Every structure is written in structure tokens, then in C-alpha cells.
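Structure first, commentary second.
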Amino acid sequence: MLDLNKKVFGKITTKEIIGATPPAIPDIQNLLENEFHYLIKKLNLQTKEDLKKLLTEQLSIDIYMNSRPGAMALAQDKIRLFTKYNQKYIQTINNKIKS
């Protein structure tokens with residue numbers, strides 16, 4: 001069973017990603033874009049150890065969001081948007097760790 005109130009991308013919850021509302025375009029896309037920029041700014045304040053923990057957490061969330069039972073009945077467009085932004089975030093974290 002998924003925790004619908006689990007925060008999966010900053011302040012964005014599972015419920016917002018897999019639920020019927022809000023709509024993917026433009027609401028979720030705008031929400032993800034704004035949260036992405038906010039999260040990127042916060043990365044500059046993190047130590048390498050914190051970045052590694054954050055990376056592990058985001059990778060775990062990626063698995064969590066993509067292993068839902070009955071996934072075909074869910075809002076695929078919103079899940080694709082989430083995956084796109086989460087992958088960009090994971091890549092940015094990886095780049096920060098390597099720099």
C-alpha cells in the first residue's frame with residue numbers, strides 16, 4: 001500500500017502525482033518545475049555526505065513511485081513528468097557529489 005501523503009519531491013506528495021487532481025498540464029508541470037528549482041538551490045548548502053544520503057533517498061523514491069501495483073490505472077502523464085524531473089534532480093545531485 002502506498003502512503004499517499006509521502007513527500008516524493010520536495011513538498012510534492014505521492015497523492016499529487018498519482019491522483020486525478022491536480023491535472024498534469026499545467027498544474028503538476030508548474031509545481032514540479034518550481035520545486036525542482038527550489039531543490040537545486042538547496043543543494044548548494046549540502047555537504048557531500050548529505051548529498052549522498054539525499055541521492056539514496058531520491059533513488060529509493062524513484063523505485064517506490066515506479067513499483068506501484070495497478071499502475072496502468074494511474075495518471076501516466078503525471079508519473080512521466082515526475083520521473084523526468086526526479087531524474088534531472090538525481091543527475092544534478094550526482095554532479096554535485098562528483099565536483
- Task: Give the residue, chosen from 63, 79, 40, that is touching a residue at least 40 places away in the same chain (Cβ under 8 Å), of a type in the set (Val, Ile, Thr) and within 21 Å of residue 5 (Cα to Cα).
- Result: 79
- Of the residues in the stretch 12-55, those that are more than 15 Å from residue 85 (Cα to Cα) and among the aromatic types (Phe, Trp, Tyr) number 0
- Which one of the conditions (1) under 16 Å from residue 83 (Cβ atoms); (2) at pLDDT 90 or above; (3) not in a helix (DSSP H, G or I) does residue 5 fail to meet, given that it meets all the rest? (1)
- Query: Quick one: in the stretch 1-22, which of the residues that are more than 17 Å from residue 43 (Cα to Cα) and of a type in the set (Gly, Ala, Ser) is surrounded by the most Cβ atoms within 10 Å (Cβ to Cβ)?
  - Reply: 19
- Residue set 79, 63, 97; condition part of a helix (DSSP H, G or I), of a type in the set (Val, Ile, Thr) and at pLDDT 95 or above; output residue 97
- Item | From the options 41, 98, 15, residue that is of a type in the set (Lys, Arg) and within 15 Å of the chain's Cα centre (by Cα) | 15
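The values are calculated or read from the model by the stated rules, or taken from the named source; none is laboratory data. These figures come from a predicted structure and were not determined experimentally. Note that each Cβ is placed from the backbone with ideal geometry, even for glycine, and that neighbours are counted across all protein chains shown.
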